[in-house]
Amino acid sequence: MSVPVILDLSVGAGPGRPGVVPALTVPQARRVVAAAAAVGVSAVRVLDEPGPDASVVAAYLAEGRPELGFLLDAATTHNAPFNLARRVTSLDRATRGGGGVVLRPGGGDTNSDQHGPRERTPDAGERWSEYAQVLTGLFDSFPAEVLVGDAASARFADWSRLRPPEHSGPYYRVAGPIDGPASPQRRPVLAAADVATLGWERAAAADVVLLGRGEGVDPDGLASALGAAGRRRGDLRVFIPAEAHPDDSADRLAGVVAAAAADGLELTVAGGVEQVLRVLAEVVPALAAAPRPGATLRERLGLPLPVLAEA
């Protein structure tokens with residue numbers, strides 16, 4: 001049995017997700033991350049909670065864990081695209097291709113809203129779609145090939161290879177490029193949350209779709225959306241949420257994935273840190289793939305490397 005697993009983790013001063021994901025202290029989160037890495041969890045989703053910024057928490061937890069990916073949880077609300085792109089790409093470089101972002105639909109931010117729509121009501125799904133487009137453009141704007149490092153010619157970089165997005169849309173205006181080179185996975189993983197708001201046509205632009213409770217894959221809708229975007233089913237991974245308990249079985253959780261026609265499991269554990277550790281020790285080893293030290297997050301999730309369009 002080999003099911004990719006994303007583990008939800010709440011770290012900070014807030015209540016977590018009551019009844020589903022407990023809020024852990026940083027030392028407790030370190031214990032959980034060590035256990036998750038040991039049993040083959042593909043990635044940890046660091047939830048956006050009151051307290052330390054999720055990117056700071058993820059960077060700290062990622063130290064010494066090359067076999068584990070980290071997804072920052074963020075909404076469009078209060079997050080300017082360029083600022084979020086910098087935080088995500090910094091994490092991605094620091095983890096040598098282990099970073100990504102779960103982008104949730106929401107409102108705007110102070111800077112971007114100065115250039116937002118004036119004559120119509122903002123639409124959360126439409127805003128998300130443009131935001132995702134801007135993020136992808138920023139992620140691709142500084143390919144690793146820019147850094148030449150040619151000592152013989154004393155040439156450090158070929159700046160002509162930069163790919164500034166120069167985006168101007170109804171919600172966002174971003175020139176770019178980002179301020180650092182891409183990681184070995186070329187582009188951080190982009191995950192879409194809240195398909196009910198986005199619809200499959202928009203969500204299909206992401207690398208990963210995280211379904212909500214009670215949702216499943218709409219095969220026809222997904223196939224149509226991927227076809228319209230010129231993508232294949234293998235270009236996208238769909239994860240179904242499930243709450244696990246220490247006395248749970250890997251067979252039941254694998255059945256949840258199969259019944260939803262999904263590709264992987266987004267795991268939540270109610271209770272405190274000891275319950276989380278027990279699930280990781282007693283349930284996940286029979287479910288998740290073996291740890292793959294050094295692999296990028298895309299490799300762990302079974303995603304292809306992105307191909308950059310011609311500049």
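The values are calculated or read from the model by the stated rules, or taken from the named source; none is laboratory data. Quantities reported herein were computed from a predicted structural model and do not represent experimental measurements. Note: ideal-geometry Cβ built from the backbone for every residue, glycine included; neighbour counts use all protein chains shown.
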* **Cross-chain or 6+ apart pairs with Cβ under 8 Å, the stretch 27-54 first and over 20 Å from residue 100 (Cβ atoms), then assigned to a strand (DSSP E or B) and not charged (D, E, K, R)** => 51/11
* **Test for residue 40: is it buried (at least 21 other Cβ atoms within 10 Å of the Cβ), small (Gly, Ala, Ser) and on the phi > 0 side of the Ramachandran plot** => yes
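Out of 226, 305, 265, which single residue is in a loop (DSSP other than H, G, I, E, B), of a type in the set (A, V, I, L, M) and surrounded by 13 or more Cβ atoms within 10 Å (Cβ to Cβ)?
305
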* How do the pairs read when you match residues in the stretch 56-83 that are over 16 Å from residue 8 (Cα atoms) with residues anywhere that are of a type in the set (Phe, Trp, Tyr) and not in a helix (DSSP H, G or I), using Cβ under 7 Å and keeping only pairs 6 or more apart or on different chains? -> 81/172
* Asked: Out of all the residues in the stretch 129-151, is one or more surrounded by fewer than 16 Cβ atoms within 10 Å (Cβ to Cβ) and in a loop (DSSP other than H, G, I, E, B)?
  -> yes
* Which residues, taken from the stretch 92-107, are in contact with a helix residue (DSSP H, G or I) (Cβ under 7 Å, 6 or more places away or on another chain) and of a type in the set (Gly, Ala, Ser)? -> 94, 97, 98, 99, 100, 106
* Is it the case that the stretch 54-61 has a residue that's under 26 Å from residue 165 (Cα atoms) and either hydroxyl-bearing (Ser, Thr, Tyr) or in contact with a His (Cβ under 9 Å, 6 or more places away or on another chain) (or both)? -> yes
* Considering 243, 299, 274, 282, which residue is closer than 28 Å to residue 65 by Cβ and either among the basic types (Lys, Arg) or in contact with a Ser or Thr (Cβ under 6 Å, 6 or more places away or on another chain) (or both)? -> 243
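I'm trying to understand the selection: among the residues of the stretch 244-255, which are within 23 Å of the chain's Cα centre (by Cα) and surrounded by fewer than 18 Cβ atoms within 10 Å (Cβ to Cβ)?
Our first condition is that a residue be within 23 Å of the chain's Cα centre (by Cα); within the stretch 244-255, this holds for 244, 253-254.
Hit for the stretch 244-255 is 254, nothing else.
Residues checked against (1) in contact (Cβ under 8 Å) with a residue 60 or more places away in the chain; (2) of a type in the set (D, E, K, R); (3) under 24 Å from residue 257 (Cβ atoms):
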| residue | (1), (2), (3) |
| --- | --- |
| 132 | yes, no, no |
| 135 | no, no, no |
| 147 | no, no, no |
| 182 | yes, no, no |
| 196 | no, no, yes |
| 203 | no, no, yes |
| 209 | no, no, yes |
* Limited to the stretch 196-223, what total is found for residues that are at pLDDT 90 or above, part of a helix (DSSP H, G or I) and farther than 25 Å from residue 2 by Cβ? -> 6
* Asked: Mind checking which residues of the stretch 78-127 are more than 20 Å from residue 143 (Cβ to Cβ), crowded, with 18+ Cβ neighbours inside 10 Å and in contact with an Asp or Glu (Cβ under 8 Å, 6 or more places away or on another chain)?
  -> 79, 80, 102, 104, 105
